[in-house]
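Every number in this text was worked out from the coordinates using simple rules, so none of it is lab data. Just so it is clear, the structure is predicted and the values come from calculations on it, not from any experiment. Cβ placement follows ideal geometry from the backbone for every residue including glycine, while neighbour counts extend to all protein chains displayed.
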Amino acid sequence: MTQHNLAVTYFERIKGDKAENIENAIAACNAALTVYIRETLPQYWAMTQNNLAIAYTERIKGDKAENIENAIAAHTAALTVKTREALPIDWAITQNNLAEAYTERIKGDKAENIENAIASFTAALTVYTREALPYDWATTQNNLANAYRERIKGDKAENIENAIASFTAALEVYTRNAFPEQWAITQNNLGNAYSERITGERAENLELAIASYNAALEVRTRSTFPEQWAMMRNNLGNAYSERILGEKAENLELAIAFFQRALEVYTRKEFPFKWADACNNIADVYIQKAQDKNLNPIDILSYIEYAILFYKDALNIYNQDEFPDQFAIIREQ
C-alpha cells in the first residue's frame, strides 16, 4: 500500500509545485501497479487505476490529448473490476469520471465521444438516484444535460428537450438556499438551453431564458463572481436582442445596456476575445435599431456609425491574419 498511499499524498498535497506533485502521484501509481496485479489483487489494482485516471485528468505537464487518453484507459480498466453488481457506488463514480473524460476528449470523433459520455452519465444515474444520493444525482443530471446540449447525433430539438429536462431535474436538489453556486450555474445553463430551444413558442422560450439568467444573477453578483456576472449580462443582452414580447425599441436598448455592463468586466486588456465579442454584439444591435422604418434618416445614420465603431473595435482583436473566419463574418456585417 506504500506506493498507493504515496500517490494519494502527492495528489492531495497543498505545498510544493502542483504540476510536480501530480507527476509524482502518477509515478507512484505506476509503481504500485507493478505490485497490484489484477489477477491477484483486483480491488487494489482497480483503486490504483482509478487514482491514476484522476491524476492524468488533472495533469498539467505533457500533451493534453494524450493525458485524457490515459485517463480514459485507466477508468475503463478500473471498470473491469468495479462492476455494478459488485461495487455499485464505485462503479457509478467511475462511470461519471469516464463520462467527464469523454466530454473533454480531443482525439477521436467528437460525435462519438459525446455519445460515450451520455452513455456513461446515464449509466451512473442507475445508481445515483435522487432518493439515495441526491447531490450526486443532481450533479450527474447537470453533466448529462450539458452533454445533450453539445450532442451532434440525434434530433437537435429532442436533444435540447432532454437537456432542459435534466437541468430542471438538477434544480430539484440544487436549490438556491442549499447550493447557491450550483443553483446559479444550472440556472445559467437552463437559460442557454431555452435560448437554443426549437420546440415551443420562440417568444415564450426567450422569456424563460431571461428568467433563468436573472435568477442566476441573484447569486452571481459582480462583487463575488465578476467574470460570471459579465457572462450573465452578455447572455441577457443576447436574449433581449432577440426578444419578441415587449416593445422592440426598448428591448434593443436593454440589450445594449447589458452588453455595456459586461464590458465593465470584459476589458480589452483582461478579456480581449470576450471584449471583442461584446463589441460585435453591440454593433449588431445598432444595426437592428437602424432598421426601424419609423426613424428619421439622421438617427439611422447615427446608429450605423455607432455600429461601424464597435465593429472596428472587434476587428482590432479578430484581425484577418490570425482569425480569418471571424474577420470575414464581421466585415460582412
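For residue 244 and residue 152, the FRET efficiency from 1/(1 + (r/R0)^6), where r spans their Cβ atoms and R0 equals 25 Å, is about 0.30.
If you put +1 on each Lys and Arg Cβ and -1 on each Asp and Glu Cβ, how big is the dipole of the stretch 149-285 around its Cα centre, in Debye rounded to 20?
Working: 16 positive and 20 negative charges, 80 e Å.
Charge dipole, the stretch 149-285, about its Cα centre: 380 debye, nearest 20.
Label separation (residue 64 vs residue 17): 2.1 nm, computed from points 7 Å beyond Cα along the C-beta direction.
Across the stretch 1-127, C-alpha contacts under 8 Å between residues 6 or more apart give a mean separation that, scaled by the residue count, equals a relative contact order of 18 percent.
The distance separating the Cα centre of the stretch 246-301 from that of the stretch 170-224 comes to 23 Å.
What dipole magnitude, in Debye to the nearest 20, does the stretch 1-127 give about its Cα centre under +1 on Lys/Arg Cβ and -1 on Asp/Glu Cβ? Write out the running numbers ahead of the final one.
On the way: 12 positive and 16 negative charges, 39 e Å.
Result for the stretch 1-127 is approximately 180 debye, rounded to the nearest 20.
Do you know the relative contact order of the stretch 65-181, to the nearest whole percent, from alpha carbon pairs under 8 angstrom that are 6+ apart? Reported relative contact order: 21 percent. Model label points for residue 218 and residue 175, set 7 angstrom from Cα along the Cα-to-Cβ axis, are 1.2 nm apart.
Taking 0.890 mPa s as the viscosity and 25 °C as the temperature, the Stokes-Einstein diffusion coefficient of the stretch 99-164 based on its alpha-carbon Kirkwood radius rounds to 204 µm²/s.
Select from the stretch 48-146 those trypsin sites (Lys or Arg not before Pro) which occupy a DSSP coil region and have at most 16 other Cβ atoms within 10 Å, ordered by residue number. If you can, show how the numbers build up before the last one.
Working: sites: 59, 61, 64, 82, 84, 105, 107, 110, 130; in loops: 59, 61, 82, 84, 105, 107, 130.
Answer in residue order: 61, 84, 107, 130.
What the Cβ-Cβ distance of residue 73 and residue 291 gives, at R0 = 51 Å and to the nearest 0.05, is a FRET efficiency of 0.40. The candidate values were (1) 38; (2) 17; (3) 46; the one computed from these coordinates for percent of Cα pairs over 34 Å apart carries the label (1).
Could you pull out the longest piece of the chain with no exposed loop GluC sites (Glu not before Pro) in it, calling a site exposed if DSSP puts it outside H, G, I, E, B and it has at most 13 other Cβ atoms within 10 Å? Present the calculation step by step, with values, prior to reporting the outcome.
Working: sites that count: 39, 85, 131, 172, 201, 218, 247, 264, 270, 322.
The longest uninterrupted stretch comes out as 271-321.
Placing +1 on the Cβ of every Lys and Arg and -1 on the Cβ of every Asp and Glu, with no other charges, gives the stretch 30-70 a dipole of roughly 100 debye about its Cα centre. Taking the convex hull of the alpha carbon positions in the stretch 1-127 and averaging its projected area over all directions gives 7.7 nm². Within straight-line reach of residue 248, meaning a Cα separation under 19 Å, sit the following aspartates and glutamates at least 8 residues removed in sequence or on another chain: 201, 204, 207, 284, 292, 299.
The relative contact order of the chain comes to 7 percent, based on Cα pairs under 8 Å that sit 6 or more residues apart. Could you pull out the pairs from 64/110; 61/107; 110/156 whose alpha carbons sit more than 24 Å apart here? Check vs 24 Å cut-off fails for no pair.
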